[in-house]
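J.: So that we are looking at the same thing, I have put the structure below in structure tokens.
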Amino acid sequence: MQGLHQFSTPSDNWCQVHFANSEIKVARASKQYIYDDLGTEFLDCVSSSAHVGHCHPHVVAASQTQMQKLWTTQGFLNDTYSLYMKKLMDVLPESLSVVYLVNSGSEANDLALRLGRLYTKRDDVAVFESSYHGNISSLVDVSSKSFKRLPQGKKEFVHVIPLPKCQNIEDQTVENEQANQEKYCEDAQRVIENASKNGRPIGILLSEMVISAAGLVIPPLGYFKNLYQMIRNQGGICIADEVQTSLGRIGGDFWAFQLYGVVPDILTFGKSIGNGFPIAAVVTSREIANCLPEYMNTYGGNPLACAIGKAVLEVIVNEKLMYSAKMVGKSLLEGLRGLMSKHPSIGDVRGMGLCVGVEVVCGRPDMKPATILANRILYLLKEEKVIVATQGEERNVIALTPPLCFTLDNARRVVEAFDKAFTKANQSEESEPVRPNTSFLGLDNIPLNVMGGDEETDTSPAKRQRTYEEMD
Ligand code: PMP
């Protein structure tokens, strides 16, 4: 069963875990490393939410200090909140001056949709193919990756824009970027016009700038300028979902929208801003915010969350993590791209900053997705103590989104591990079997943190049992 495992907890909840049959029981984590209950160290290339590093001492200290003073102030003012707001405002464009602090990326996107609908007085939403924006009903409705696997399918107020999928952004020549961009803008224009023709004008574009769930798809550089203009020209607004890409993940800049030279009307972000603590945000203009008569949130913006959020921003600046993400990401990208000539099953390596995807294919130039091979590589990398995830519609894109404290040495280690994994996989190469269909179970809906299927390459129950006995 892909990516799901029934925890034998008292409640027997279904939870998603990495590596369905040889899951890692994490005992502790530090920086970009996680340690299992046997003390084995793994290089964590998936925990994007541990943005500045697992258990960063500055973030831990800030949370402990705050916890001893004040945790909750619903309906009151507090200094930590004001200080955090000031820091956040410093890294946001002037037009985005109203902040709502919430508790998850899903909650942020839900509020953003509400604001957008109130402002435009339209229900209709345009999203990308294979997109994912959250796990609550309003977002399942607009996440093409999710709704297409449900019996009711796409709702009438949703309009799907084809993926603006091009090869690595750094390889784009002016000519092919222009050609790609024109083609993808025409695709989007067609969707927008059809919606209008059918009496359902689009009110909201909800999109990531790097479409992570679709397999880290990076649109051409000029694409969003045109798309935003098309949406706005017909009376709509643009929401940028930066739950995955915020606070320097793409290297160099705080936000992915900066790379594309646009400013969204509403920006949502999460994950990174709390370094794993549940905090997310919606930011918009005063004009749009004025449409929402009232907003209450018991935990959103509580002092503990604000202390952590503020500490995370401080670490990013003090440790120059955005610069580091750019430099280390470039080296990782180059190293992985260097493997393409040796391993034809690497179809593409793309990315920006520490957001890198390796597309696993049956061969070039056909680029047929190799789902089973990607899954095998995932387990072989685990044997090398490197943890990655698979993404994309066919789960054939290996995604690397490590904490930003990832080093050049880490990047070299990852490249070596990939080389070994692909070499081993080729030595025991089998033809690509048909991918098991798990969609009827609704198991494939959530794009992140789904790693590994039925393959069992790491059997350690006996070892683990010994450890339990020793602990007893
Ligand atoms: N948007 C995107 C792009 C995401 O990747 C996710 C989570 N993976 C969400 C929204 C939802 O965030 P959360 O899980 O914090 O609700």
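J.: Among 294-306, 131-143, how do they line up by average Cβ neighbours within 10 Å per residue, starting with the highest?
T.: So the order, starting with the most tightly packed, is 131-143, 294-306.
J.: Further, regarding this structure: About the Cα centre of the chain, how large is the charge dipole given +1 on each Lys and Arg Cβ and -1 on each Asp and Glu Cβ? Please answer in debye to the nearest 20.
T.: 620
J.: Once the Cα atoms of the range 210-259 are picked out, what are the Rg and Dmax in Å?
T.: 11.7, 33
J.: Also: If you stretched the chain out fully between D187 and K342, how much longer would it get, using 0.36 nm times the residue separation minus the C-alpha to C-alpha distance?
T.: Gain on extension, D187 to K342, equals 52.3 nm.
J.: Using 0.36 nm per residue of separation minus the Cα-Cα distance, give me the extension gain between N21 and M67 in nm, one decimal.
T.: 12.8 nm
J.: Continuing with this model, one more query. Can you give the net charge of the other residues whose Cβ lies under 14 Å from the Cβ of V317, counting K and R as +1 and D and E as -1?
T.: For residues surrounding V317, the net value is 0.
J.: Please give, to one decimal in nm, the separation of the simple spin-label points placed at S95 and Y295, each 7 Å out from Cα toward the Cβ.
T.: 1.8
J.: Using a Förster distance of 60 angstrom, determine the FRET efficiency expected from the C-beta separation of E41 and K121, and round it to 0.05.
T.: 0.65
J.: Right, another one. If I require 20 Å or longer along the helix axis, counting alpha carbons, and a Kyte-Doolittle average no lower than -1.0, what helices from the chain are left? Use full DSSP H segments.
T.: 105-120, 303-318, 321-338, 408-427
J.: First compute the accessible area of the chain with a 1.4 Å probe, then give the percent of it belonging to carbon and sulfur atoms.
T.: 52
J.: In addition: Using a cut-off of 29 Å between alpha-carbon atoms, which lysines can reach K368, once sequence neighbours fewer than 8 places away in the same chain are excluded?
T.: The qualifying lysines are K145, K148, K154, K165, K183, K330, K342, K382, K385, K420, K424.
J.: Also, quick follow-up: Mind checking which of A50, S104, I34 is farthest towards the positive end of the range 26-153's charge dipole, using Cβ charges of +1 (Lys, Arg) and -1 (Asp, Glu) about the Cα centre?
T.: S104
J.: Would you mind calculating the gained length between K420 and K368 on full extension (0.36 nm times residue separation, minus the Cα-Cα distance), in nm to one decimal?
T.: Contour length minus the Cα-Cα distance gives 16.5 nm.
J.: Grab the beta carbon distance between A179 and R413, set R0 = 45 Å, and tell me the FRET efficiency rounded to 0.05.
T.: Computed FRET efficiency for A179 and R413 comes out at 0.75.
J.: Could you list which residues have their amide H under 5 Å from that of V91, counting only those 5 or more apart in sequence or on another chain, with H placed in the peptide plane?
T.: Long-range HN contacts for V91: none found.
J.: Continuing with this model, one more query. Describe numerically, in nm with one decimal, the distance between label points set 7 Å from Cα along Cα→Cβ at K320 and at Q74.
T.: Those two pseudo-labels are separated by 4.5 nm.
J.: Once Lys and Arg get +1 and Asp and Glu get -1 on their Cβ, which of F269, V217, M296 lies farthest toward the positive end of the dipole of the range 201-333?
T.: The one lying farthest along the dipole's positive direction is V217.
J.: Follow-up question, since we're still on this one. What is the distance in Å between the Cα centroid of the range 335-356 and that of the range 186-245?
T.: After rounding, the separation between the Cα centres reads 27 Å.
J.: Would you mind working out the accessible area per residue for the range 34-147, using a 1.4 Å probe, and quoting it in Å²?
T.: Using a 1.4 Å probe on heavy atoms only, each residue of the range 34-147 averages 44 Å².
J.: Here is a follow-up. Please give the peptides 316-328, 86-98 ranked by average Cβ packing (other Cβ atoms within 10 Å per residue), highest first, as a rough proxy for protection.
T.: Highest-to-lowest ranking by the protection proxy: 316-328, 86-98.
J.: Per residue, how many Å² of accessible area does the range 276-363 show with a 1.4 Å probe?
T.: With the other protein chains kept in place, the range 276-363 gives 38 Å² per residue.
J.: A further question follows. With +1 on the Cβ of every Lys and Arg and -1 on the Cβ of every Asp and Glu, and nothing else charged, how large is the dipole of the range 122-236 about its Cα centre, in debye rounded to the nearest 20?
T.: 500
J.: Same structure, new question: Under the rule of at least 5 residues apart or a separate chain, name every residue whose amide H is placed under 5 Å from the amide H of I161.
T.: Those qualifying (amide H under 5 Å, at least 5 residues apart or on another chain) are V127, F128, E129.
J.: Around A370, which amide H atoms from residues at least 5 apart in sequence, or from another chain, sit under 5 Å from its own amide H, with H modelled in the peptide plane?
T.: Here the answer is V360, V361, C362, since their amide H atoms fall under 5 Å of that of A370.
The values are calculated or read from the model by the stated rules, or taken from the named source; none is laboratory data. Values in this document were obtained by computation on a predicted structure and should not be read as measured data. In this analysis, Cβ positions are derived from the backbone assuming ideal geometry, glycine residues included, and neighbour counts consider all displayed protein chains. Just so you know, the surface numbers come from the protein's heavy atoms only, side chains and all, with ligands and any DNA or RNA stripped out. Shrake-Rupley method; radii C 1.70, N 1.55, O 1.52, S 1.80 Å.
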